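See structure below.
The values are calculated or read from the model by the stated rules, or taken from the named source; none is laboratory data. Model, not experiment: these values are computed from the prediction. Cβ: placed from backbone, ideal geometry, glycine included. Neighbour counts: every protein chain shown. Just so you know, the surface numbers come from the protein's heavy atoms only, side chains and all, with ligands and any DNA or RNA stripped out. Shrake-Rupley method; radii C 1.70, N 1.55, O 1.52, S 1.80 Å.
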Amino acid sequence: MSNVLPNISVVILAAGASKRMGTPKQLLNWGDSTLLNHAIAVASKSKLKNTYVVLGANYNRISESITESNISILNNKNWQKGLGSSIAYGVNYILQLRDKTEGILFMLADQPFIDVTFFNTLINHFKVDVNCIVATSYENDKYGVPVIFDKSYFSELSKLHDDSGAKHLLKQYKSNIKVLVPPVKNVDLDFKTDYIKLFNDNFKSE
């Protein structure tokens, strides 16, 4: 069995306007960092080399807040169309590089409990050239990001255009998915009350 690491790129989806949060959640504090910089740090400390951050709303403000220099920052000017447009933007950017990418790992900026260990576990379960999808478990038998898609799905991913993201692809190719359960409950931070509670639980206990 080959120990060669697949050529997987990371795409961090962070283009939304955070309307439900009421403020750009990419910039919210998380420990001594921000939610977005925390996500970037997880990707940067993983086994993978190439990380792309797709921004859109509040592009200038958010791009200036990024502290990691060894990444590529992309500007999806059609971010209003939803998550699918940012997925497609990232995929099309990578495709035009022609660097023989074998898989893309998509993650969000608002899942602070996804750590490097779990990130690398996702990578370890990915198999090249077998139409592989490795997804993360949620409650109620749901699954999604972080998720790795094999290159065989790039064409379909590159055509996404609405806010449903890649959900229909996950349903369509369910039989090809390996679902992994993270060590800590997988949460998205969409509302200010959720963020404040989790922040206080993790950083204000003293």
*Considering only residues of the range 37-53 that are in a helix (DSSP H, G or I) and in contact (Cβ under 8 Å) with a residue 60 or more places away in the chain, which is surrounded by the fewest Cβ atoms within 10 Å (Cβ to Cβ)?*
His38
*Filter result for Lys77 (outside any strand (DSSP E or B), surrounded by fewer than 19 Cβ atoms within 10 Å (Cβ to Cβ) and either of a type in the set (A, V, I, L, M, F, W, C) or free of Cβ contacts under 8 Å to residues at least 40 places away in the same chain (or both))*: yes
*Determine, yes or no, whether Ser18 is of a type in the set (Gly, Ala, Ser), surrounded by fewer than 16 Cβ atoms within 10 Å (Cβ to Cβ), in a loop (DSSP other than H, G, I, E, B) and free of Cβ contacts under 8 Å to residues at least 40 places away in the same chain.*
no
*Tell me which residues, restricted to the range 149-161, are among the charged types (D, E, K, R) and open to solvent by less than 20 Å² (accessible area, probe 1.4 Å).*
Asp150
*Enumeration of residues in the range 86-108 that are open to solvent by 10 Å² or more (accessible area, probe 1.4 Å) and either in contact with a His (Cβ under 6 Å, 6 or more places away or on another chain) or not in a helix (DSSP H, G or I) (or both)*: Arg98, Asp99, Lys100, Thr101, Glu102, Leu108
*Could you check, for the range 153-168, whether at least one of its residues is touching a residue at least 60 places away in the same chain (Cβ under 8 Å) and closer than 19 Å to Leu27 by Cα?*
no
*Return the total of residues in the range 162-189 being open to solvent by 70 Å² or more (accessible area, probe 1.4 Å) and either farther than 25 Å from Thr117 by Cβ or in contact with a strand residue (DSSP E or B) (Cβ under 7 Å, 6 or more places away or on another chain) (or both).*
9
*Could you count how many residues in the range 22-36 are in contact with a Leu (Cβ under 9 Å, 6 or more places away or on another chain) and surrounded by fewer than 20 Cβ atoms within 10 Å (Cβ to Cβ)?*
2
